[in-house]
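Remarks on the structure that follows.
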Amino acid sequence: MEYTTLGNTGLDVSRLCLGCMSFGTSDWRDWVLDEDESHEIIERAIDLGINFFDTANMYSVGESERVLGDALEGRREESVVATKCYFQMDEDNPHSGGLSRKAIEQELAASLDRLGMETADLYQIHRWDYDTPIEETLRTLDDAVRRSQVRYIGGSSMWTYQFADALHTSDRLGLERFATMQNHYNLLYREEEREMLPYCQQRDDARGNRRLRPPAPLFRG
């Protein structure tokens, strides 16, 4: 397995990141693997040298996080775990989704509990929240870093102008910056080559060690 540095975090991660959307319970989606089958794949990935795992609170409505946390028990220190928030977790609770302070704080606490971890290595916004000012979202994420609930923050699946706005806002307000971009990219959908990837490379060149390299793409399609 080859390893690389995750953005400007100093974390050494495997170039292949194991996406965990297919782990959890088939009650959520027919193609999702249940716990025993999920553990087999996670164990095999670890045997092959993968130390970077990406999940989200909405995957199997939290079960993916629980399954991953259980699989990594006793191996937490050598693993790098990323999770996400944005999508509504409870249809009866409008505050269980979005990127307001209330939503982020309660969903982050729930994710950490399911993962069995005190701190998430990388916490990402799963989508852009058009109803919440980015200033509020970034202030909340900055507070989470300061409370040691999160080590680094990142973005996922947004337009380049939004990512640029978030970085500019962090710089302007002196807040924690997105260290990574998990862009929507596969062999068929290659829009990211137009602006997002060049923008990340430009920020890399402009800031030296302050790099904004995307994590290894998780192919979606």
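Observations, loosely collected:
- Looking across the range 102-124 at every residue that is of a type in the set (D, E, K, R) and assigned to a helix (DSSP H, G or I), the one that is nearest to Met21 (Cα to Cα) is identified as Arg114.
- Residues of the range 50-75 that turn out to be assigned to a loop (DSSP other than H, G, I, E, B) and in contact with a Phe, Trp or Tyr (Cβ under 6 Å, 6 or more places away or on another chain), as a count: 1
- Beta carbons closer than 6 Å, at least 6 apart along the sequence or on distinct chains, pair a first residue in the range 173-202 that is farther than 23 Å from Asp121 by Cα with a second that is surrounded by fewer than 20 Cβ atoms within 10 Å (Cβ to Cβ) and aromatic (Phe, Trp, Tyr) for Asn186/Phe219.
- Condition check for Ser111: surrounded by 18 or more Cβ atoms within 10 Å (Cβ to Cβ), more than 24 Å from Leu33 (Cα to Cα), small (Gly, Ala, Ser) and touching an Asp or Glu at 6+ places or on another chain (Cβ under 7 Å): no
- So Glu43, is it of a type outside the set (A, V, I, L, M) and in contact (Cβ under 8 Å) with a residue 24 or more places away in the chain: yes
- Restricted to the range 58-80, and to residues there that are surrounded by 24 or more Cβ atoms within 10 Å (Cβ to Cβ) and either farther than 14 Å from Leu18 by Cβ or hydrophobic (A, V, I, L, M, F, W, C) (or both), the residue that is nearest to the chain's Cα centre (by Cα) is Leu68.
- Meets criteria (on the phi < 0 side of the Ramachandran plot and at pLDDT below 95) for Leu33: no
- Hey, Arg127 in a helix (DSSP H, G or I), out of contact with any Lys or Arg (no Cβ under 6 Å at 6 or more places or on another chain) and basic (Lys, Arg) or not: no
- The range 27-36, subset more than 16 Å from Asn57 (Cα to Cα) and exposed (fewer than 14 other Cβ atoms within 10 Å of the Cβ), residue nearest to the chain's Cα centre (by Cα): Trp31
- Selection count, the range 76-90, where residues are assigned to a loop (DSSP other than H, G, I, E, B) and closer than 17 Å to His126 by Cβ: 5
- Any hit, the range 28-49, residues being under 22 Å from Asn183 (Cβ atoms) and assigned to a loop (DSSP other than H, G, I, E, B): no
- Of all residues making up the range 6-21, the number that are among the small types (Gly, Ala, Ser), farther than 11 Å from Asp54 by Cα and surrounded by fewer than 23 Cβ atoms within 10 Å (Cβ to Cβ): 2
- Among the residues of the range 130-145, those identified as farther than 23 Å from Phe52 by Cα and assigned to a helix (DSSP H, G or I) are Ile134, Glu135, Glu136, Thr137, Leu138, Arg139, Thr140, Asp143.
- Of all the listed residues (Glu105, Glu91, Glu136, Glu43), the sole one being closer than 20 Å to Leu175 by Cβ and over 17 Å from the mean Cα position of the chain (by Cα) is Glu136.
- When Ala206, Ala164 are checked against the criterion of being among the small types (Gly, Ala, Ser) and either modelled with pLDDT of 95 or more or under 18 Å from the mean Cα position of the chain (by Cα) (or both), Ala164 stands alone in meeting it.
- Restricted to the range 152-161, and to residues there that are under 14 Å from the mean Cα position of the chain (by Cα) and over 19 Å from Asp121 (Cβ atoms), the residue that is surrounded by the most Cβ atoms within 10 Å (Cβ to Cβ) is Met158.
The values are calculated or read from the model by the stated rules, or taken from the named source; none is laboratory data. Nothing here was measured: the structure is a model prediction, and the numbers come from that model. Positions of Cβ are backbone-derived with ideal geometry, glycine not excepted, and every protein chain shown enters the neighbour counts.
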